[in-house]
Amino acid sequence: VTLSGTSIYTNAVNNYYSWGAGVFVENGRLTVQGSTLHHNTLTTPSNTDLWGGGMAARNSQLTLLTSTLEANSAFRSTGSTDRGFGGGMYAEGGPVAVQDTIFRDNQANYGGGLYITGGTANLTGNTFRDNRLGYEGKGGGLYVATDGAMVSGNTITGNEYGHAWKTHGGGLYV
């Protein structure tokens, strides 16, 4: 599937163990080019995990080019032990290529802008700006949890972990 010049915004999922408020792909192939995903939100009625506010890919081949992921969230801000992974995007277990894409003003507990685990990842020429972490967070802009990652020519700036405790890697956590 290819999404080109597409806007995906103001979608919300409020459920237990939720994936991808804007887009979710599992065991497939997805190319997103020249598109915008913004103000998509994952929340939960109890203490459960959340994956990919803007989009999530699980065991899939994902290519993301010249796009913007902005103001997406996988996060519950108060009194929570929830674990939100990848406010802008979460990718697990597949080859991932992200190029010339902006991750801005997203929030999660782990990987405010982007969280990648398993598989291989090639991240080139992206901007991770003004993303935020929550309670016990790691990787404000970017969280990389795979040995098969190439991170080259990216700008990681202005990301923060707010006033939370036990936070690590305001910009990047590896």
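The values are calculated or read from the model by the stated rules, or taken from the named source; none is laboratory data. Bear in mind that the values here come from a model prediction, so they are computed numbers and not experimental data. FYI the Cβ positions are ideal-geometry reconstructions off the backbone, even for glycines, and counts take in every protein chain you see. With ligands, DNA and RNA removed, areas are computed over all heavy atoms of the protein, side chains included. Shrake-Rupley method; radii C 1.70, N 1.55, O 1.52, S 1.80 Å.
Side notes on the structure shown:
- The chain: relative contact order as a whole-number percent, Cα under 8 Å and 6+ apart: 16 percent
- With a 1.4 Å probe rolled over the protein heavy atoms of all chains, the accessible area of Asp147, Asp105 falls in the order Asp147, Asp105, largest first.
- When only the Cβ of Lys, Arg, Asp and Glu is charged (+1, +1, -1, -1), the dipole of the chain relative to its Cα centre reaches about 60 debye.
- Surface share of carbon and sulfur [accessible, 1.4 angstrom probe, percent] for the chain: 44 percent
- Surface per residue (accessible, 1.4 Å probe) for segment 1-131, Å²: 39 Å²
- Gained length - Leu65 relative to Gln33, 0.36 nm times residue gap less alpha-carbon distance: 11.0 nm
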